[in-house]
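Please read the structure below before turning to the comments.
The values are calculated or read from the model by the stated rules, or taken from the named source; none is laboratory data. Just so it is clear, the model here is predicted, and its values are computed rather than measured. Virtual Cβ from ideal backbone geometry, glycine too; neighbours counted across all protein chains shown. Accessible surface is based on the protein model in full, side chains and every heavy atom, while ligands, DNA and RNA are left aside. Shrake-Rupley method; radii C 1.70, N 1.55, O 1.52, S 1.80 Å.
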Amino acid sequence: MLKVISTQNAPAAIGPYSQAIVAGNLMFVSGQVPIVPSEGKVLATDITGQTEQVMKNIGEILKEAGRTYTDVVKTTCFLADMSDFAAFNQVYGTYFTGKPARSCVAVKALPLGVLCEVEVIVSME
């Protein structure tokens, strides 16, 4: 049975999808972009600020599901520009201290013209 996870403390889905779905012992969190939930828009203009907001959004979804960053087993990270890789990692590393498995790729464009997006898979055990 699938369980939808949703919180007002993270951005609402901007398409036909859920913030997160629990399936068995795993939770799949949809890609999070740096929208500030209370504002409904992106405020940060640089990779550091946008990465911080993405991590906060992920944290709120994790909290809603009773989990933390250390429960994350896999991340997929999308960057608009690979030259932001080092700055992105600087922020990312302060949140994902358990060092989950990860893929990080540069893409041609991201929704709303943001600089980064991150999706995660979480252990629910």
- Exposure of LYS41 as accessible area (Å², to 10), given a probe of 1.4 Å and all protein chains: 110 Å²
- Item | Those Cys residues of the chain for which no other cysteine Cβ falls under 4.7 Å | CYS116
- Message: Let me confirm the definition first: pairs of Lys residues in segment 55-125, 8 or more apart or on different chains, C-alpha distance under 20 Å. How many are there?
- Response: 5
- When you have a sec, figure out the Kirkwood radius of the chain from all distinct Cα pair distances and drop it here in Å to one decimal? 14.4 Å
- Among DSSP beta bridges lying fully in segment 44-125, give the percent that are antiparallel, nearest 5. 55 percent
- Note on the structure: With +1 on the Cβ of every Lys and Arg and -1 on the Cβ of every Asp and Glu, the dipole magnitude of the chain about its Cα centre, in debye rounded to the nearest 20, is 240 debye
- Note on the structure: If one compares the long axis through the Cα atoms of helix 85-95 with the longest principal axis of the Cα atoms of the chain, the angle in degrees, nearest 10, works out at 30 degrees
- Item | Coarse-grained scattering of segment 1-40 at q = 0.18, 0.21, 0.34 Å⁻¹, given as base-10 log I(q)/I(0) from a Debye sum over alpha-carbon atoms | -0.50, -0.65, -1.23
- Hey, got the Cα dimensions of segment 57-125 along the principal axes, in Å, largest first? 36, 22, 16
